[in-house]
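Beneath this line is the structure, given in structure tokens, with notes to follow.
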Amino acid sequence: MAVKIKLKRLGKIRAPHYRIVVADSRTRRDGRAIEEIGLYHPIENPSRIQVNAERAQYWLSVGAQPTEPVLAILKLTGDWQAHKGLPAPEPLKQPEPKADRSGLFEAAAKEAGDEPKGEAITQKAKKAEKKADEAEPSAAVESTEA
């Protein structure tokens, strides 16, 4: 049985994400897999790549052949170089840590608490004032004509 390490496509039409799987070469692309050894999310910036290096090394050592896209991913993570005995590549880019939402909320609440309450006018109140200002001159014109 020929074993391949390939990508299994998941996700919506324009938002794909993949699982890196070990499967029989005769199974279809999204068919039954022997084992899942990683993830690949190309839409995220930078792309999210997670590979279980231990399992990837095992499958490569017993003769599993990676497809071209998987080979490129394994080269990025350094698993292919480890299998072939080559020097490791530079580390992958990591996404910047997201800001703490509770800290942002507290800062915004503090700023809002410092403002005088009379200045905080909503959009609805502004529209009502505008309509009232437009209505007053027409009422004044009617009363002078009579």
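Glu54 fulfils the conditions (1) charged (D, E, K, R); (2) in contact with a Gly (Cβ under 9 Å, 6 or more places away or on another chain); (3) within 22 Å of Lys84 (Cα to Cα) except for a single criterion, (2). Only a single criterion out of (1) in a loop (DSSP other than H, G, I, E, B); (2) touching a residue at least 40 places away in the same chain (Cβ under 8 Å); (3) at negative phi is not satisfied by Ala99, namely (2). Scanning region 26-54 for residues that are in contact (Cβ under 8 Å) with a residue 24 or more places away in the chain and of a type in the set (Ser, Thr, Tyr) yields one hit, Tyr40.
Here are Ile5, Ile37, Ile49, Ile43: which of them is more than 23 Å from the chain's Cα centre (by Cα) and among the β-branched types (Val, Ile, Thr)?
On the way: Ile37 fails: more than 23 Å from the chain's Cα centre (by Cα); Ile49 fails: more than 23 Å from the chain's Cα centre (by Cα); Ile43 fails: more than 23 Å from the chain's Cα centre (by Cα).
Going through Ile5, Ile37, Ile49, Ile43 in turn, just one is more than 23 Å from the chain's Cα centre (by Cα) and among the β-branched types (Val, Ile, Thr): Ile5.
Let me confirm something: among Arg55, Arg48, which residue is under 18 Å from Ala23 (Cα atoms) and not aromatic (Phe, Trp, Tyr)? Before the answer, list the steps.
Details: Arg48 fails: under 18 Å from Ala23 (Cα atoms).
After applying the criteria, what remains is Arg55.
Does Lys117 satisfy the condition of being modelled with pLDDT of 80 or more and surrounded by fewer than 13 Cβ atoms within 10 Å (Cβ to Cβ)? Break it down into steps so the answer makes sense when it comes.
Numbers: modelled with pLDDT of 80 or more: no; surrounded by fewer than 13 Cβ atoms within 10 Å (Cβ to Cβ): yes.
The answer is no for Lys117.
The values are calculated or read from the model by the stated rules, or taken from the named source; none is laboratory data. Computed from a predicted structure; not experimentally measured. Please note: Cβ atoms are built from the backbone with ideal geometry, for glycine as well, and neighbour counts cover all protein chains shown.
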